[in-house]
Amino acid sequence: MTDTTTLAAEAKADTGTGAARAARRQGRVPGIVYGGGAEPQMITVERRELDRYLNQPGFYSRLFQLHMGGATQRVIARDVQRHPVSDQPLHIDFLRVAAGAQITVAVPVQFINEDEAPGIRRGGLLNTVRHEIEVYCPADAIPDAITVDLTGLEIGDTIHISRIPLPEGVTPVIDRDFTVATIVAPTVMREEAAPQAIETPAETETTEQE
């Protein structure tokens, strides 16, 4: 289960581009808190404090306790707008999360036991198709990660979501058996195989001409 992280916020009365720019000049990131049956509320958070969590894996599956004006709201980040050049956060959207609610979150994928995969030991490469998986789950039981065990996998094996044990109450949003990762042949092996496939037709053509 994902731990709840405390984050301080301030209410922002002024709206518009000018007010947002003023907040950023003060080292703060404007944002909004919405959902939960309450009116949307404009806020700002300190950019340095937000940056501590923003680039960590699982940011969008992390629960925050948003402290503001003596009150606390439990929220989850839904969107962050970034500057196209500096990549600094410009605006953040938070969704209120009630106790017992079912929510949709993107949970990071982690791989274990690479040393126990014969295909990787023989030079195969882990090709990650999905670094995150979007799931439905209880708000009070968001998994920190979805763990994929590579034990026993060979070159050419495909890991589908159906092969991955998920925590109780957690189900994928996508309703099909999608690919999470594959074990592929090393580049050198593929390059050595390619000329052989090309030479065969040429040899056949030479024989026919003779």
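Among the residues that make up segment 45-52, is at least one of them among the hydrophobic types (A, V, I, L, M, F, W, C), open to solvent by 30 Å² or more (accessible area, probe 1.4 Å), at pLDDT 90 or above and under 15 Å from V80 (Cα atoms)? No, segment 45-52 contains no residue that is among the hydrophobic types (A, V, I, L, M, F, W, C), open to solvent by 30 Å² or more (accessible area, probe 1.4 Å), at pLDDT 90 or above and under 15 Å from V80 (Cα atoms). Can you find a residue in segment 54-70 that is of a type outside the set (A, V, I, L, M), open to solvent by 80 Å² or more (accessible area, probe 1.4 Å), outside any loop (DSSP other than H, G, I, E, B) and touching a helix residue (DSSP H, G or I) at 6+ places or on another chain (Cβ under 8 Å)? No, segment 54-70 has no match at all.
Okay, residues lined up against (1) of a type in the set (S, T, N, Q); (2) more than 30 Å from I159 (Cβ to Cβ):
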{"residue": "G27", "(1), (2)": "no, yes"}
{"residue": "I32", "(1), (2)": "no, yes"}
{"residue": "L63", "(1), (2)": "no, no"}
{"residue": "H83", "(1), (2)": "no, yes"}
{"residue": "L90", "(1), (2)": "no, yes"}
{"residue": "A98", "(1), (2)": "no, yes"}
{"residue": "Q102", "(1), (2)": "yes, no"}
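Applying the selection to segment 121-139, what residues are out of contact with any helix residue (DSSP H, G or I) (no Cβ under 9 Å at 6 or more places or on another chain), outside any helix (DSSP H, G or I) and either among the small types (G, A, S) or open to solvent by 60 Å² or more (accessible area, probe 1.4 Å) (or both)? Residues satisfying the conditions are R122, N127, V129, H131, E134, Y136. Taking G31 as the residue in question, decide whether it is open to solvent by less than 60 Å² (accessible area, probe 1.4 Å) and closer than 24 Å to E134 by Cβ. In short, yes. All of G18, G37 fail the test of being more than 26 Å from the chain's Cα centre (by Cα), surrounded by fewer than 17 Cβ atoms within 10 Å (Cβ to Cβ) and not in a helix (DSSP H, G or I), apart from G37. The set of residues in segment 9-33 being of a type in the set (S, T, Y) and touching a residue at least 24 places away in the same chain (Cβ under 8 Å) consists of T15 alone. Condition check: closer than 21 Å to V75 by Cα, more than 18 Å from the chain's Cα centre (by Cα) and not hydroxyl-bearing (S, T, Y). Does D140 satisfy that? Spelling it out, D140 is indeed closer than 21 Å to V75 by Cα, more than 18 Å from the chain's Cα centre (by Cα) and not hydroxyl-bearing (S, T, Y).
Among the residues examined, Q110 qualifies as over 30 Å from T17 (Cβ atoms), assigned to a strand (DSSP E or B) and open to solvent by 70 Å² or more (accessible area, probe 1.4 Å). Selection of segment 5-15 for residues being surrounded by 12 or more Cβ atoms within 10 Å (Cβ to Cβ) and modelled with pLDDT under 85 yields only K12.
Total residues in segment 81-107 satisfying the condition of being of a type outside the set (D, E, K, R), within 29 Å of E46 (Cβ to Cβ) and outside any strand (DSSP E or B): the figure is 9. Could we say that R78 is in a strand (DSSP E or B) and either more than 24 Å from A145 (Cβ to Cβ) or among the charged types (D, E, K, R) (or both) here? Yes, satisfied.
The values are calculated or read from the model by the stated rules, or taken from the named source; none is laboratory data. The shown structure was predicted, so the numbers you read here are calculated from the model rather than taken from an experiment. When we count neighbours, we look across all protein chains shown, and the Cβ atoms used for this are built from the backbone with ideal geometry, even at glycine. Each accessible area value is taken on the protein alone, full model and side chains, heavy atoms only, with ligands, DNA and RNA left out. Shrake-Rupley method; radii C 1.70, N 1.55, O 1.52, S 1.80 Å.
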